[in-house]
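The values are calculated or read from the model by the stated rules, or taken from the named source; none is laboratory data. Everything numeric here is computed off the predicted structure, so don't read it as measured data. When we count neighbours, we look across all protein chains shown, and the Cβ atoms used for this are built from the backbone with ideal geometry, even at glycine.
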Amino acid sequence: MDTKLRIIGLAGTNGSGKDTVGQILTDQHGYLFISVTELLRAEALRRNLPVERENLRMISAEWRRQSGLGVLVDKAVAEYEKAAASYKGLVMASLRNPGEADRVHELGGTMVWVDADPRVRYDRIQANAAARGRAGEDNKTFEQFQADEAAEMSQSGDEATLNMSAVKSRCDLFLQNDSNDLVGLQMRVKEALGL
């Protein structure tokens, strides 16, 4: 029996469909999906901080400084190990630091970059904000949305801060997700990952 952890790290732009890809891998291919963003949201709530991107960035950088650049991957793996017998592997999103991509590769995993046109992504976020329980967090203008993304694409501090451009350069596979065709996305995920 193959006991090696099968791991997929998802990275990409905001609203590109990373969580949808994770859910596809859960529902159709038996992976456990963990959103590292949800781990950060839970920590912000635990600290009685507003769940805002700036606070999530601050917490993630703090954790990386304390426990290493791959800490979010390690936290997801620890969750997976609690129920590993029930799953074929682990898929996690949203990886935003190159140390996380490096950690996925150290574990023998695959990094996938998911992207879509900025206006498509913004419209998706606005349409789904309330359903995802993020109406306050996602209530932004298109210009604010673009500014948040720009802040996360390039490193603005030490190596523990976000640098999505560096993550993108470490990705093995790329998925373009401009339409809302779920069946088409399911087929592209299956084909890209050889499932």
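Data for the structure
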item	result
Region 29-83, residues that are out of contact with any Leu (no Cβ under 7 Å at 6 or more places or on another chain) and of a type in the set (Gly, Ala, Ser)	GLY30, SER35, ALA42, ALA61, SER67, GLY68, GLY70, ALA78
Residues that are in contact (Cβ under 8 Å) with a residue 12 or more places away in the chain and either under 14 Å from the mean Cα position of the chain (by Cα) or in a helix (DSSP H, G or I) (or both), drawn from region 175-186	LEU175, LEU182, LEU185, GLN186
Selection count where residues are among the hydroxyl-bearing types (Ser, Thr, Tyr) and assigned to a strand (DSSP E or B), scope region 1-19	0
Odd one out for SER156 among (1) without any contact (Cβ under 8 Å) to a residue 24 or more places away in the chain; (2) under 25 Å from ILE8 (Cβ atoms)	(2)
Tally, over region 156-174, of residues that are closer than 18 Å to GLY22 by Cα and outside any helix (DSSP H, G or I)	4
Residue list for region 81-101, filter: assigned to a helix (DSSP H, G or I) and crowded, with 17+ Cβ neighbours inside 10 Å	PRO98, GLY99, GLU100, ALA101
Selection from region 166-185 of residues that are of a type outside the set (A, V, I, L, M, F, W, C) and in contact with an Asp or Glu (Cβ under 9 Å, 6 or more places away or on another chain)	LYS168, ARG170, GLN176, ASN177, ASP178
Test: residue in region 126-133 that is under 16 Å from the mean Cα position of the chain (by Cα) and either at pLDDT 90 or above or surrounded by fewer than 17 Cβ atoms within 10 Å (Cβ to Cβ) (or both)	yes
Condition broken by VAL112, with the remaining ones in (1) of a type in the set (A, V, I, L, M, F, W, C); (2) under 21 Å from ASP19 (Cα atoms); (3) part of a helix (DSSP H, G or I) satisfied	(3)
Hey, LYS82 farther than 18 Å from PHE174 by Cα, over 16 Å from the mean Cα position of the chain (by Cα) and in contact (Cβ under 8 Å) with a residue 40 or more places away in the chain or not	no
Residue ID - surrounded by the most Cβ atoms within 10 Å (Cβ to Cβ), chosen from residues in region 140-155 that are modelled with pLDDT of 85 or more and either of a type in the set (Phe, Trp, Tyr) or not in a helix (DSSP H, G or I) (or both)	PHE145
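Condition check ((1) free of Cβ contacts under 8 Å to residues at least 60 places away in the same chain; (2) surrounded by 14 or more Cβ atoms within 10 Å (Cβ to Cβ); (3) assigned to a loop (DSSP other than H, G, I, E, B)) across all residues:
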site	(1), (2), (3)
VAL21	no, yes, no
GLN28	no, no, no
PHE33	no, yes, no
GLU43	yes, yes, no
ASN48	yes, no, yes
GLU54	yes, no, no
MET58	yes, yes, no
ALA61	no, yes, no
GLN66	yes, no, no
